[in-house]
Amino acid sequence: MVTKNKSPDYSQVTGHVLKEVARRFKVYCTEQGLTISEAVETALIEYLEKRGVWGQQETPQSPKFQRD
């Protein structure tokens with residue numbers, strides 16, 4: 001089994017956010033049973049959809065991605 005950090009299908013994304021934003025994000029992920037990676041991937045796709053950069057019919061190959 002190939003892990004995400006070894007898979008050619010995944011890329012690491014990093015950035016700096018306010019501490020309070022990071023804290024609330026981590027709490028939310030924990031409460032929802034999400035990994036940080038799952039939540040970041042979903043948030044980025046939603047961000048791109050709102051800006052017309054990602055079509056809503058496009059679904060990433062991530063096995064855990066679920067559209068509400």
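The values are calculated or read from the model by the stated rules, or taken from the named source; none is laboratory data. Bear in mind the structure is a predicted one, so any value in this text is a computation, not a measurement. Positions of Cβ are generated from backbone atoms using ideal geometry, with glycine treated the same way; all protein chains shown enter the neighbour counts.
Filtering segment 31-55 to residues that are loosely packed, with under 11 Cβ neighbours inside 10 Å, assigned to a helix (DSSP H, G or I) and either in contact with a Gly (Cβ under 9 Å, 6 or more places away or on another chain) or at pLDDT 95 or above (or both) leaves Glu31, Gln32.
Looking only at residues of segment 1-30 that are among the β-branched types (Val, Ile, Thr) and out of contact with any Pro (no Cβ under 9 Å at 6 or more places or on another chain), we find that the one that is modelled with the lowest pLDDT is Thr3. Of the residues making up segment 9-19, not a single one is in a loop (DSSP other than H, G, I, E, B), surrounded by 10 or more Cβ atoms within 10 Å (Cβ to Cβ) and in contact with a Cys (Cβ under 9 Å, 6 or more places away or on another chain).
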